[in-house]
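The values are calculated or read from the model by the stated rules, or taken from the named source; none is laboratory data. Please read these numbers as outputs of a predicted model, since none were measured by experiment. Calculation scope for accessible area: heavy atoms of the full protein, side chains included, ligands and nucleic acids excluded. Shrake-Rupley method; radii C 1.70, N 1.55, O 1.52, S 1.80 Å.
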Amino acid sequence: MTYALYAFSGLSAALNTEYEGVLDHEASMISAAKIADETIKVGHANGITFVKMV
């Protein structure tokens, strides 16, 4: 779940919504997880090191 938060940076503003709408729907959570996964893959491929969120 921590990685999903990376994908949310600015997402609520772009979609004019809040995270609750994503967290309450399984399909939305699956999409958010896939977006986060792709974000991490692209970041790593470009030499970006992500810090752990606690």
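Assorted remarks:
- For segment 1-36, the tally of residues that are modelled with pLDDT of 70 or more and under 15 Å from Met53 (Cα atoms) stands at 1.
- Scanning segment 30-54 for residues that are open to solvent by less than 90 Å² (accessible area, probe 1.4 Å) and in a helix (DSSP H, G or I) returns Ile30, Ser31, Ala32, Ala33, Ile35, Ala36, Asp37, Thr39, Ile40, Val42, Gly43, Ala45.
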